[in-house]
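Worksheet for the structure shown next.
The values are calculated or read from the model by the stated rules, or taken from the named source; none is laboratory data. What you are looking at is a predicted structure, and each value in this text was computed from that prediction instead of being measured. Note: ideal-geometry Cβ built from the backbone for every residue, glycine included; neighbour counts use all protein chains shown. SASA here: full protein model, heavy atoms, side chains in, ligands and nucleic acids out. Shrake-Rupley method; radii C 1.70, N 1.55, O 1.52, S 1.80 Å.
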Amino acid sequence: MAERRAINKYYPPDWDPSQGSTNAYVGQHPLRDRARKLDEGILIVRFELPFSIWCGGCNGLLATGLRFNAEKKKAGSYYSTLIWSFRMKCRECSHWFEIRTNPKDSAYDVVDGARKKAEPEDLEDDNDEMGVKIVDLSQVDESDKHSLLHELEVSEARKQRAIQAAERLSTLQVK
């Protein structure tokens, strides 16, 4: 019977459709236990860590992709976009920590109870998502501009040689 209730196939024998939904009849919220703090504005959701963090209580490492039952609530807004707060407990020491969305930077921020682990890709701010170095030529000296252009010319020449070598290899494989 429990498995039928989980997928909403169970109908009590004294229930009829004129009484409303089965949840209203039984006096239960459709989200069941996840909605137990809904009157406080908190919904229990499943949250996966977007990056590795160090717990502030036990100083243990919580890896990327670790899943928690988190308390989700509105923490504010950035223009018209809501800022959500996810509060959860460490698995090792039951210490609470909080992560918030950051719509301005399209990221998550650790707010309280933990700290973000420094990753090598976080330290390289001058690269875009493809690993290409971004250079603002208005802030570069004249001598550096020439060296940057030289690097660009050399890389283009290497690409051309690689393309020619690939064409030559394909002709040799055909023969």
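Packing, as the average of other Cβ atoms within 10 Å across residues, places the peptides 152-159, 45-52 in the order 45-52, 152-159, highest first.
Annotation: amide H-H contacts under 5 Å for Trp84 (H modelled 1.01 Å from N, sequence separation of 5 or more, or interchain): Ala75, Thr101.
Measure up Lys37/Lys74; Lys89/Lys116; Lys37/Lys73; Lys74/Lys104; Lys73/Lys117 against 20 Å on the Cα-Cα distance and list the ones that go over. Check vs 20 Å cut-off fails for Lys73/Lys117. Computed from the C-beta positions of Glu153 and Asp109 and an R0 of 41 Å, the FRET efficiency is 0.50 to the nearest 0.05.
With a cut-off of 9 Å between beta carbons, the residues surrounding Trp54 carry a summed charge of +3, where Lys and Arg count +1 and Asp and Glu -1.
A Förster radius of 41 Å combined with the Cβ-Cβ distance from Tyr79 to Gln19 puts the calculated FRET efficiency at roughly 0.40.
Within the accessible surface of segment 29-111, defined with a 1.4 Å probe on protein heavy atoms only, the carbon and sulfur portion equals 46 percent.
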